[in-house]
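Taken together, the values in this text are just the output of simple stated rules run on the coordinates, not laboratory data. All values reported here derive from a predicted model rather than from experimental measurement. Here the Cβ positions follow ideal geometry from the backbone for every residue, glycine too, while neighbour counts run over all protein chains shown.
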Amino acid sequence: MRGNSRRLPVLRAGRLVQIRRAIESDQAELARLRSDPEIDHFMGIDASPSAWLWRHVPLGDQSAALTDLMITDLVGEPLGLVSLWDRAIPHNAAELSIWIGAGHRDRGFGSEALRLTLRFAFNDLHLHKVYLRVLEFNHRARRTYEKCGFAVEGVLREEMRIETVWHSLLYMGLLASDFHAIDLAIEPIDEFDSRTPPAIV
Ligand SMILES: CC(C)(COP(=O)(O)OP(=O)(O)OC[C@H]1O[C@@H](n2cnc3c(N)ncnc32)[C@H](O)[C@@H]1OP(=O)(O)O)[C@@H](O)C(=O)NCCC(=O)NCCS
């Protein structure tokens, strides 16, 4: 499985990570990486048996996402998943979700994967806006989003109950124009254009 994934076309590659479309055969590896209490904690998923559904990573025809993108290192080893979710009303906007597996966090992978995904979302999918919801206490994710230009647009008060405690969510948004300005201003990342044939490892 890992060997096959290395030969799949890469959409964007930076200095540390690359993104490519996730396919059904990525399921087992993603399930292994996703099985991580820290991800549950920051995604607001409690320990109840019924929560297994939220840990499941449906891919391919089973996925309700607009696109699921596998985050891998530069030789194709899976690190996590970033998804863009369509919304019911079609206004060129999508909701983003991201997670990086245990042992791979806090090494800059999430920030670069996010930036590559936003380039894909705005330049290839021509979205006008990307938005997300993040738990107020998830300071690492908030910092990661803010670095790419996301701004808090509102507070969804006591939107999630984790175990017995209610938590608020921040609604953060990013317009294509905001991102292009930020993307130019921050340190460049090496990236080949998605039309360039991907490297075969
Ligand atoms: C959120 C997540 C995707 C970020 O990816 P990552 O690879 O771990 O993050 P990076 O190393 O790229 O960057 C993290 C940034 O947050 C900062 N940070 C880390 N912990 C922090 C904290 N407690 N408070 C504030 N900032 C923090 C880091 O210093 C870094 O910023 P810098 O580059 O300015 O130094 C990843 O940690 C993750 O999957 N977490 C669990 C699931 C999750 O929270 N998903 C998001 C749900 S909305």
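Odds and ends about this structure:
- Inter-label distance, nm, simple model (7 Å from Cα along the C-beta direction), Arg55/His180: 4.3
- For the chain, alpha-carbon Rg over 2.2 N^0.38 Å: 0.99
- In order along the range 91-97, the phi-based Karplus estimate (6.51 cos²θ - 1.76 cosθ + 1.60, θ = phi - 60°) of 3J(HN,Hα) comes to 10, 6, 10, 8, 8, 10, 9 Hz; Gly and Pro are listed as x.
- Cβ-Cβ distance of Glu187 and Glu136, R₀ of 30 Å, FRET efficiency by 1/(1 + (r/R0)^6): the value works out to about 0.60.
- Look at Asp178, Asp68, Asp106 and count the other Cβ atoms within 10 Å of each Cβ; fewest to most, that gives Asp106, Asp178, Asp68.
- Modelled this way, with points 7 Å down the Cα-to-C-beta line, the labels at Arg157 and Leu74 are 4.9 nm from one another.
- Stokes-Einstein diffusion of the range 92-201 at 4 °C, 1.567 mPa s viscosity, Kirkwood radius from Cα pairs, rounded to a whole number: 85 µm²/s.
- Debye, to nearest 20: dipole size of the chain, +1 on Lys, Arg Cβ, -1 on Asp, Glu Cβ: 280
- For Leu127, the residues whose amide H sits under 5 Å from its own are Phe122, ignoring neighbours fewer than 5 places away on the same chain, with H placed 1.01 Å from N.
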